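Comments concern the structure below.
The values are calculated or read from the model by the stated rules, or taken from the named source; none is laboratory data. These numbers come from a predicted model, not from an experiment. Here the Cβ positions follow ideal geometry from the backbone for every residue, glycine too, while neighbour counts run over all protein chains shown.
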Amino acid sequence: MTKPLPTTWLVGRKTRLRPIEPADVPLLRRLGSPLGSFDSRWPAIAAVDPLRPAYVVQTRAGDDVGVLALAVAEHRARMGIRWRSSRRWLDGSAIDAIRTMTAGAFRALPIVRIETLAASDDRAAIRAFQRAGYKKEGTLRESFLRAGSHRDAVLLSAVHDG
Amino acid sequence: MARAIRGGPLGSRLVPASSRHVAALRDGFNSGAVAATTIWRLPRSTVAFASGKEAVRRYAIEVEGRLVGVCGLWAGRYAGLELTIAIFDPRLRNLGIGTFAVSALCRIAFADIKSHRVELGVYPQNAGAIRAYAKCGFRREALLRRYMYHNGRWRDVLWMSLLRRDWKIASPM
């Protein structure tokens, strides 16, 4: 018998976003925080903090393929995504998950802006956000650490015109 | 321990902000003189000014012992440290006091705190401030859309940064 899919209204054409649950902690620890700085407490924080909602990205069939999180502050939010496999940036899953989360967040939260940071050499991620409707706003120089050195990040955003 | 920094135009100096500055800070912000260029819009109480987010460093800008503005370094929104500055007395703007304060804060950020980056946000219409920041070596990085709400509408913010390596070239230690 097929296991029923958890209920969520964040459903796109290719992906569905279900709230994280305690059983997801091993996956979350493995993938790390989608919002940059690693904090081992983040799964617990994301599970209960309404300003840091996090979701497991599933295929429509129910396979867990990634984690997506928002951090809301004032009228803005920052979005981050981690995938089990980087091919998800390319196969349409990323575009669909980003579109679904962005539309849901603008529908449900009092925010007018969602932004994200992508490593400036991560063309697949930048392209996925752009195809999901995000606009490139600029490049923040030496704004994150990778392999012990500061790297540039591209800042992209979606804004709500309402 | 932070110390006073002297040598600014018109005898201006930066003094570590303390409880003795709270009333003057409250009056400066509550006058509305910087409401158009800072996030502080509505008048607030002395208690509100004394509490709130901790700055990494915060200085009162004084001229002849009178507080005329405030500046500071905060945890960066994106990376490194974020620089903020407000000069309350309009007659004291465009006289180099802001440039002096920004240069001094950058020296503190890079030489004392060893930050690799200082960043700041400014309204794109604030040409005087953008010129002053550029003079200190800041470069434009991004235009943040609908970032602030002011005068009944959402406004964009220009994000600028100065990197330690650029500062070292411009201001060798």
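Condition first: part of a loop (DSSP other than H, G, I, E, B), closer than 20 Å to A:SER85 by Cα and either in contact with a Cys (Cβ under 9 Å, 6 or more places away or on another chain) or without any contact (Cβ under 8 Å) to a residue 60 or more places away in the chain (or both). Now tell me which residues in region A:1-30 satisfy that. Of everything in region A:1-30, just one residue is part of a loop (DSSP other than H, G, I, E, B), closer than 20 Å to A:SER85 by Cα and either in contact with a Cys (Cβ under 9 Å, 6 or more places away or on another chain) or without any contact (Cβ under 8 Å) to a residue 60 or more places away in the chain (or both), namely A:ILE20.
Scan A:ARG123, A:ARG78, A:ARG88, A:ARG131 and give me the residue that is at pLDDT 95 or above, among the basic types (Lys, Arg) and crowded, with 16+ Cβ neighbours inside 10 Å.
A:ARG78
When B:ILE97, B:ILE130 are checked against the criterion of being of a type in the set (A, V, I, L, M, F, W, C), in contact (Cβ under 8 Å) with a residue 12 or more places away in the chain, more than 9 Å from chain A (Cβ to nearest Cβ) and in contact with a Pro (Cβ under 7 Å, 6 or more places away or on another chain), B:ILE97 stands alone in meeting it.
Name the one entry in B:ARG6, B:ARG44 that is within 24 Å of B:ALA109 (Cα to Cα) and not β-branched (Val, Ile, Thr).
B:ARG6
Of all residues in region A:133-161, those being within 14 Å of chain B (Cβ to nearest Cβ), small (Gly, Ala, Ser) and without any contact (Cβ under 8 Å) to a residue 40 or more places away in the chain number 6.
So which of A:LEU51, A:LEU35 ends up being free of Cβ contacts under 8 Å to residues at least 40 places away in the same chain and part of a loop (DSSP other than H, G, I, E, B)? Exactly one of A:LEU51, A:LEU35 is free of Cβ contacts under 8 Å to residues at least 40 places away in the same chain and part of a loop (DSSP other than H, G, I, E, B), namely A:LEU51.
Pairing residues of region B:148-166 that are more than 9 Å from every other protein chain (Cβ to nearest Cβ) with residues that are surrounded by 21 or more Cβ atoms within 10 Å (Cβ to Cβ) and assigned to a loop (DSSP other than H, G, I, E, B), at Cβ distances under 7 Å and at least 6 apart in sequence or on separate chains, gives B:MET160/B:PHE138; B:LEU162/B:CYS136; B:LEU162/B:PHE138. Within region A:107-125, residues that are under 16 Å from A:LEU155 (Cβ atoms) reach partners that are modelled with pLDDT of 95 or more and of a type in the set (Asp, Glu) with beta carbons closer than 9 Å, at six or more positions or on different chains, in the pairs A:GLU115/A:GLU137; A:ALA119/A:ASP152; A:SER120/A:ASP152; A:ASP121/A:ASP152. Looking only at region A:74-98, residues that are of a type in the set (Lys, Arg) and over 21 Å from A:LEU31 (Cβ atoms) come to 1 in all. The residue that is modelled with the lowest pLDDT, counting only those in region B:133-147 that are surrounded by fewer than 16 Cβ atoms within 10 Å (Cβ to Cβ) and away from every other protein chain (no Cβ under 14 Å), is B:LYS135.
Considering B:ARG57, B:ARG26, B:ARG41, the condition of being within 14 Å of another protein chain (Cβ to nearest Cβ) and among the charged types (D, E, K, R) is satisfied by B:ARG41 alone. I'd like to check something: does region A:116-132 contain any residue that is within 14 Å of chain B (Cβ to nearest Cβ), among the β-branched types (Val, Ile, Thr) and either closer than 27 Å to A:THR7 by Cα or part of a strand (DSSP E or B) (or both)? Checked against the condition, which is being within 14 Å of chain B (Cβ to nearest Cβ), among the β-branched types (Val, Ile, Thr) and either closer than 27 Å to A:THR7 by Cα or part of a strand (DSSP E or B) (or both), region A:116-132 yields at least one hit. Taking residues in region B:30-45 that are in contact (Cβ under 8 Å) with a residue 40 or more places away in the chain, and partners anywhere that are assigned to a loop (DSSP other than H, G, I, E, B) and polar (S, T, N, Q), the pairs with Cβ atoms closer than 6 Å and at least 6 places apart or on different chains are B:THR37/B:ASN126. Looking at A:ALA71, is it at the interface with chain B (Cβ under 9 Å from one of its Cβ atoms), touching a residue at least 24 places away in the same chain (Cβ under 8 Å), surrounded by 15 or more Cβ atoms within 10 Å (Cβ to Cβ) and in contact with a Leu (Cβ under 6 Å, 6 or more places away or on another chain)? So A:ALA71 does not fit the description; no.
Considering A:ASP122, A:ASP91, the condition of being closer than 17 Å to A:SER33 by Cβ and over 11 Å from the mean Cα position of the chain (by Cα) is satisfied by A:ASP122 alone.
The criterion of being away from every other protein chain (no Cβ under 14 Å), within 26 Å of A:GLU137 (Cβ to Cβ) and not hydroxyl-bearing (Ser, Thr, Tyr) does not hold for B:ALA109.
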